[in-house]
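Report on one structure; see the data block that follows.
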Amino acid sequence: MSNLFHSFTRLREPLSDSEYLYLLLEPVFIYGVTLGIIALIIAYFFKHTPFQILALILIALSSLTIFPYLSMRENVQDRIEQVYHIEAPTRASDFQQNTTNRKNKLWLYLVVAITAIFAAIIRPRRNRLGLLFAILCVSSAIINIQYSLWMHYQDALFSHPHLKKNDSPVQQRLKDNSTNQ
């Protein structure tokens, strides 16, 4: 029992570090929303209203984690610049550009959360308006998942140099910067 308590105490330290927390929150956009969509579709076909509402709440909460995520990501920017300013100066600007890109698409996360909340309040099987909000939620959530996967890939390119065997826009920019120097 003491060992279990000790391991929880060791895990508490990284959870207070925003450099780790933004990494921990990033998959929520992908997995939380995806799990919510799957649960919503299953609950809709089984006509289980409480489970539909729970799935819509999961989608909304997963989308709203963009706010703490962006806040922590902005806190990390200075540390990224300190770490990479000598070794790879373009990494800090790439990180900043990915953060700015996410801020510019903040509306997408809000659309998913708002449609999920309205669909949960109205209930998808109650009337056509509820069904319309559920359909809008699912379609915007799918776009959100696609965008989140793309941004996750861009961040992976930033932090994992072994992924440089591709032609993504970030890699093209890195190649252009290295040939100009």
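The values are calculated or read from the model by the stated rules, or taken from the named source; none is laboratory data. Owing to the predicted nature of the structure, the values given are computational and were not obtained by experimental measurement. Here the Cβ is made from the backbone with ideal geometry for all residues, glycine too, and neighbour counts use every protein chain on show. What goes into the accessible areas is simple: the full protein's heavy atoms, side chains included, and nothing from ligands, DNA or RNA. Shrake-Rupley method; radii C 1.70, N 1.55, O 1.52, S 1.80 Å.
Between the residues Ile121, Phe8, Ile86, the greatest Cα displacement towards the positive end of the dipole of the chain, with unit charges on the Cβ of Lys, Arg, Asp and Glu, is found for Ile121. Among the trypsin sites (Lys or Arg not before Pro) in the stretch 10-69, those located in a DSSP loop and surrounded by at most 11 other Cβ atoms within 10 Å of their own Cβ are Lys47.
Overall, the stretch 1-108 carries a charge dipole of about 440 debye about its Cα centre when +1 sits on the Cβ of Lys and Arg and -1 on the Cβ of Asp and Glu, all other atoms neutral. Spacing of the modelled spin labels on Leu106 and Glu81, each 7 Å from Cα toward Cβ, amounts to 2.0 nm.
Semi-axes of the equivalent ellipsoid of the chain are 35, 22, 13 Å, computed as sqrt(5λ) over the eigenvalues of the C-alpha gyration tensor in descending order. Extents of the stretch 49-137, taken as max minus min of Cα coordinates on every principal axis and listed largest first, are 59, 19, 14 Å. The portion of the accessible surface of the chain made up by carbon and sulfur, rounded to a whole percent, is 65 (1.4 Å probe; DNA, RNA and ligands excluded). Descending by average beta-carbon neighbour count within 10 Å, the peptides 58-70, 127-139 line up as 58-70, 127-139, the highest first.
Taking every DSSP helix (H) stretch of at least 4 residues in the chain, weighting each as -39,500 (n - 2.57) and dividing the sum by the residue count yields a mean residue ellipticity at 222 nm of -27500 deg cm²/dmol. Across the stretch 31-44, coupling constants 3J(HN,Hα) worked out from phi with the 6.51/-1.76/1.60 Karplus curve, θ = phi - 60°, read 6, x, 5, 4, 4, x, 5, 4, 5, 5, 5, 4, 5, 5 Hz, and Gly and Pro carry x. Near Phe133, once Lys and Arg are set to +1 and Asp and Glu to -1 for all other residues with Cβ below 11 Å from its Cβ, the sum equals +3. The 1.4 Å probe gives accessible areas that order Phe51, Phe29, largest first, as Phe51, Phe29. Charged side chains reduced to their Cβ positions (Lys and Arg at +1, Asp and Glu at -1) give the chain a dipole of some 860 debye around its Cα centre.
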